[in-house]
Amino acid sequence: MRIVIGAPGNGEVLKEAIKDLLERDPRVSEVVDLSTPDVTYPAVSFNAAQAVVDGKADRAILVCGTGVGTAIAAGKVPGVRAATAHDLITVRGAVENYDAQILCLGQNVIAPAHACALVDLWLDLRHDPLGPYGPKVHEIDDYEARD
């Protein structure tokens, strides 16, 4: 799995812990860090989301203070579903039910060890388009594609 990761300064510590986990994980073939010292959360979120849409990455992880700002910004890129999640149920639902390609986490909200446990689960999760949420995700895609 190819993953892009990114964070502004207020997510740097958690992003580095997650990046270290990803770089050691055999399920991950590539990790690309889009962070720069002066990047804003909207800019890194747009860049990560676009990488997913363009097929340069399979998924992305974004970290800011709460995970909310990055989710809002990434969600502005057509074709992307980004979810803020800080617990097992929400991480599972974000992928299995809603096919979210981007996981957003908050450095001020979750400890690195707990975030890494969520990322470990997240790497194994898949959306089933034939499952009960498949038609709902399709409905969202149709709405987004309207002219």
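All of the numbers you see were taken from the coordinates with simple rules; none came from a lab. Just so you know, these numbers come straight off a predicted model, no measurement behind them. With ideal geometry, Cβ positions are generated from the backbone for all residues, glycine too; neighbour counts draw on all protein chains shown.
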Residue in region 49-68 that is in contact with a helix residue (DSSP H, G or I) (Cβ under 8 Å, 6 or more places away or on another chain), surrounded by 16 or more Cβ atoms within 10 Å (Cβ to Cβ) and of a type in the set (S, T, N, Q) present: no
Flag if residue 77 is touching a helix residue (DSSP H, G or I) at 6+ places or on another chain (Cβ under 6 Å), farther than 27 Å from residue 128 by Cβ and β-branched (Val, Ile, Thr): no
Candidates 95, 52, filtered to the one that is touching a His at 6+ places or on another chain (Cβ under 9 Å), within 18 Å of residue 137 (Cβ to Cβ) and either assigned to a helix (DSSP H, G or I) or among the basic types (Lys, Arg) (or both): 95
Exclusive hit being among the aliphatic types (A, V, I, L, M), in a loop (DSSP other than H, G, I, E, B) and within 30 Å of residue 139 (Cβ to Cβ), set 4, 77: 77
Qualifying residue in region 20-40 (condition: buried (at least 23 other Cβ atoms within 10 Å of the Cβ) and closer than 30 Å to residue 131 by Cα): no
Whichever residue in region 80-106 is surrounded by fewer than 18 Cβ atoms within 10 Å (Cβ to Cβ) and β-branched (Val, Ile, Thr) and, among such residues, is farthest from residue 33 (Cα to Cα): 89
Counted residues, region 69-79 - those being at negative phi, surrounded by fewer than 22 Cβ atoms within 10 Å (Cβ to Cβ) and not charged (D, E, K, R): 5
Of all residues in region 75-106 being of a type outside the set (S, T, N, Q) and in contact with a Cys (Cβ under 7 Å, 6 or more places away or on another chain), the one that is farthest from residue 122 (Cα to Cα): 106
Yes/no for residue 62 being under 25 Å from residue 42 (Cα atoms), touching a residue at least 12 places away in the same chain (Cβ under 8 Å) and in contact with a Cys (Cβ under 9 Å, 6 or more places away or on another chain): yes
Among the residues listed as 60, 74, 51, the single one being in contact with a Phe, Trp or Tyr (Cβ under 9 Å, 6 or more places away or on another chain), under 16 Å from residue 4 (Cα atoms) and aliphatic (A, V, I, L, M): 74
Complete set of residues in region 98-118 that are out of contact with any Gly (no Cβ under 7 Å at 6 or more places or on another chain) and assigned to a loop (DSSP other than H, G, I, E, B): 98, 99, 100, 101, 110, 111
Per-region count, region 119-145, residues outside any helix (DSSP H, G or I) and either in contact with a helix residue (DSSP H, G or I) (Cβ under 9 Å, 6 or more places away or on another chain) or under 21 Å from residue 12 (Cα atoms) (or both): 7
